[in-house]
Amino acid sequence: MLVRMLGPFEVSGEDGPVVVAGGSQRTVLALLALHAGRPVGAAALADALWPEGPPVSARNSLQSHVARLRATIGARASIALTPAGYCLGVPRAGVDVLRFEDLLRDGALTEAVALWRGPALPEFAGEPFCGVAERLAGLHREALADLVRAGGPVDRLRVVVADDPCWERGATVLAAALPRGEGLEVLRRHADAVVDRLGIDPSEDVRLPLAIELLVRGGRTSAARHRTLRAVVEWSFGLLDPAARQVLTRLSAFAGAFTVAQAEAVVAADGVAAALAALVDRSLVVRHEPGRFRLLETIRAYAASLLGDDRAELHRRHADVMLAAARRLDRAFRGPGQADAVRELDALLPDLRLAVLRGAGPGGLAAALYRYGYRCQQYEVLAWGRSAGNQPDARAAAATHAWGRGDLAEARAFAAGFDSDAIHEVLGDVALVSCDAPTALAHYRAMGTEPVHRVSGLVGEALVLAWSGRVAEAVAAAESAVDLAASTGNPGARAEALYGLGEALGDSDPERALALLAEAAELAATVDERLFRGAAETAAVAIGSRHGDPAAALSAFRDVLAMWRRVGNDTLRAAALRNLVVLLVRVGADETAVLVDAALPPADVYPAEQAGLDRARAAAGERLGADRVAALRRRGALLPAARVHDEASRAIDAALSRMAG
């Protein structure tokens, strides 16, 4: 079944269009389709159906709408009731909105924008549809701009810019893609619209940057363009007084955006703020966002070429500023302002990376950024600890990098002989996945120099206890973590604690566990904590595969596997695949289950997980026969990681199609 919402709402199956007549049924189907295989709670469905407040009979009415919808779509797709809500059993590729997002993530811009037939979700006026439609419209127009920048056709972007002439990026991208005269006219219309409609001056990005862009993309030969471009930049530099020229030259130390305070510390000269303002007026420095500035790459490269004997000292000051910023943001990362800290750290990565490449000691940066690298799964940042000397948290970063790559022996070697909460955390994680419960408990219980670290220790303790069958103790530890996390105000700590409690309750109270895990994943996503978002989603899928609808679990599994593949955590990807083996056998995909099982590296597992794997292997073996199992295991043992992921994804799609009829 295909649900299309990028334009008029349409549903179709293999035998043609499917007419969903009632407005309430269309609302239910649209919201379920936006979640494609993930459960939607009854409360969320009620809010969408009755935005002014649900009637007393809301539950019965919702059940009636779902029943009619099931009758309408028939065997084309299942609507299952799980402990966490209703779930539509369609793959992401069967919903044009989700297909659009996946194609964007994969860089398939042409195919993505081709899915649009008009405004998104036009018939659904209430929430959450309005917010979704607004977000999709933004993604769509940015994709059109990216497509034009990559040399694609300009017609669609021209229409969008005409509808919203105040959109600066659309105007500048379109102008750069058009002949000189047309491009300048687009920018003139943009400037007029900004003044007339918004009452503000146009951005500085619409002066010198335009001239440079038009020169770069003009019709001259490459050599001629280069000479003319350099002449424009040289001429602009020639108009500066010596003090402004010095400031601009030293600002080339930055790879990305910077604040006035950072500029003053790196440039180390008098009158930096005034010179910066003058450079902005001349469009040699552009405003990146409120309070932050940047150089265009062409100007930065030219300015860097003018550096003299002070280059090494300039780069040292830049490295010092980056280390100070990393330490400040690490403190903020642990508090209520974590979301802002993550955004700043993400924006700072180009300069942090440049400081490391220039030979600045990576130890301080790796130590300061351990928590960001671990929880946001930034493996490049964690890798900086591999050559960082003897700072404990830098060694923890290196050990965590090895843990995520599946090399537990190297992780232990990096951490051995050092002591800090971060060291105890990674050694606890290594022991946890090695099924060494006593060692894991010892390390997790040693964490506690500050509240957010104690939360992590309590959650680690809860996981060990839960997976060892000591459920009551696990729940008690996790509930303590939830209480402590709430007192910190730190979103990441709260998400981690909710995840721990969800894991602890997974088999004794699956309905509550799924609700806790959904809340944990949602909260972790607000601060880009990919570790605990992925862990919560993985746990929810595992619980769903044991206690819920297998179709919903299969659909969610594909997203979880893709997420672990993107972030590069081989250890947790392998754990998710072990859960998938059991589910594949449950739905009859025995051959792929055996292939995946054979392809996974040897790993210690806890008794309950081992029992589930043993039962799945026995069931698959009985149905396939010993010779077929042996052949599949030989083939599976040779599969590279990418092929394992592809085989699993194909099996999931085939099983979902088979289950949908």
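The values are calculated or read from the model by the stated rules, or taken from the named source; none is laboratory data. Computed from a predicted model, the values in this text were never measured in an experiment. Counting neighbours? That spans all protein chains shown, and the Cβs are built from the backbone with ideal geometry, glycine included. Note: areas computed on protein heavy atoms with side chains; ligands, DNA, RNA excluded. Shrake-Rupley method; radii C 1.70, N 1.55, O 1.52, S 1.80 Å.
Worth pointing out:
- Ser387 at pLDDT 90 or above, among the small types (Gly, Ala, Ser) and touching a helix residue (DSSP H, G or I) at 6+ places or on another chain (Cβ under 7 Å): no
- Of the residues making up the stretch 291-321, those that are over 18 Å from Ala244 (Cα atoms) and among the aliphatic types (A, V, I, L, M) are Ala312, Ala319, Val321.
- Some residue of the stretch 624-647 being within 29 Å of Ala515 (Cβ to Cβ) and in contact with a Lys or Arg (Cβ under 9 Å, 6 or more places away or on another chain): no
- Within the stretch 399-436, considering residues that are more than 29 Å from the chain's Cα centre (by Cα) and either among the hydroxyl-bearing types (Ser, Thr, Tyr) or closer than 27 Å to Thr488 by Cβ (or both), the one least open to solvent (accessible area, probe 1.4 Å): Phe418
- Residue match in the stretch 587-602 (condition: within 26 Å of Ala504 (Cβ to Cβ), out of contact with any His (no Cβ under 8 Å at 6 or more places or on another chain), open to solvent by 30 Å² or more (accessible area, probe 1.4 Å) and touching a residue at least 24 places away in the same chain (Cβ under 8 Å)): no
- Matching option when the condition is without any contact (Cβ under 8 Å) to a residue 60 or more places away in the chain, among the small types (Gly, Ala, Ser), open to solvent by less than 10 Å² (accessible area, probe 1.4 Å) and under 25 Å from Gly41 (Cβ atoms), among Ala466, Ala478: Ala478
- Lone unmet requirement of (1) surrounded by fewer than 24 Cβ atoms within 10 Å (Cβ to Cβ); (2) free of Cβ contacts under 8 Å to residues at least 24 places away in the same chain for Asn390: (2)
- Among the criteria (1) on the phi < 0 side of the Ramachandran plot; (2) surrounded by fewer than 17 Cβ atoms within 10 Å (Cβ to Cβ); (3) not hydrophobic (A, V, I, L, M, F, W, C), the one Gly625 does not fulfil is (1).
- Verdict on Ala80 being part of a strand (DSSP E or B) and in contact with a Phe, Trp or Tyr (Cβ under 9 Å, 6 or more places away or on another chain): yes
- The conditions of being assigned to a helix (DSSP H, G or I) and within 22 Å of Arg566 (Cβ to Cβ) are met by Val381.
- Members of the stretch 603-618 found to be of a type outside the set (S, T, N, Q) and open to solvent by 30 Å² or more (accessible area, probe 1.4 Å), listed by number: Ala603, Asp604, Pro607, Ala608, Glu609, Ala611, Asp614, Arg615, Arg617, Ala618
- When Val95, Val20, Val40 are checked against the criterion of being of a type outside the set (Ser, Thr, Tyr) and farther than 20 Å from Ala553 by Cα, a single residue qualifies: Val20.
- Any hit, the stretch 635-655, residues being crowded, with 20+ Cβ neighbours inside 10 Å and modelled with pLDDT of 90 or more: no
- Failed item in (1) open to solvent by less than 60 Å² (accessible area, probe 1.4 Å); (2) over 19 Å from Ala367 (Cα atoms), with Arg282 passing the rest: (1)
- Among the candidates Ala319, Ala324, Ala275, residue that is crowded, with 19+ Cβ neighbours inside 10 Å and within 35 Å of the chain's Cα centre (by Cα): Ala319
Conditions tested, residue by residue: (1) β-branched (Val, Ile, Thr); (2) touching a residue at least 24 places away in the same chain (Cβ under 8 Å); (3) closer than 25 Å to Ala312 by Cα.
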residue	(1), (2), (3)
Ala261	no, no, yes
Val272	yes, yes, yes
Ala277	no, no, no
Leu284	no, yes, yes
Glu289	no, yes, no
Arg292	no, yes, yes
Leu295	no, yes, yes
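- Scanning the stretch 5-47 for residues that are farther than 27 Å from Gly544 by Cβ, under 30 Å from the mean Cα position of the chain (by Cα) and open to solvent by 40 Å² or more (accessible area, probe 1.4 Å) gives Pro8, Glu10.
- Test: residue in the stretch 288-297 that is touching a helix residue (DSSP H, G or I) at 6+ places or on another chain (Cβ under 7 Å) and farther than 16 Å from Leu348 by Cβ: yes
- Some residue of the stretch 452-468 being at pLDDT below 95 and either aromatic (Phe, Trp, Tyr) or more than 25 Å from Ala556 (Cβ to Cβ) (or both): yes
- Of the helices (runs of 4 or more DSSP H) lying entirely inside the stretch 94-177, those carrying at least 3 residues that are open to solvent by 60 Å² or more (accessible area, probe 1.4 Å) are 129-149, 155-163.
- Answer residue from the stretch 503-514, given it is in a helix (DSSP H, G or I) and open to solvent by 60 Å² or more (accessible area, probe 1.4 Å) and is modelled with the highest pLDDT among those: Arg512
- Some residue of the stretch 73-86 being of a type in the set (A, V, I, L, M, F, W, C), within 26 Å of the chain's Cα centre (by Cα) and either at pLDDT 90 or above or open to solvent by less than 40 Å² (accessible area, probe 1.4 Å) (or both): yes
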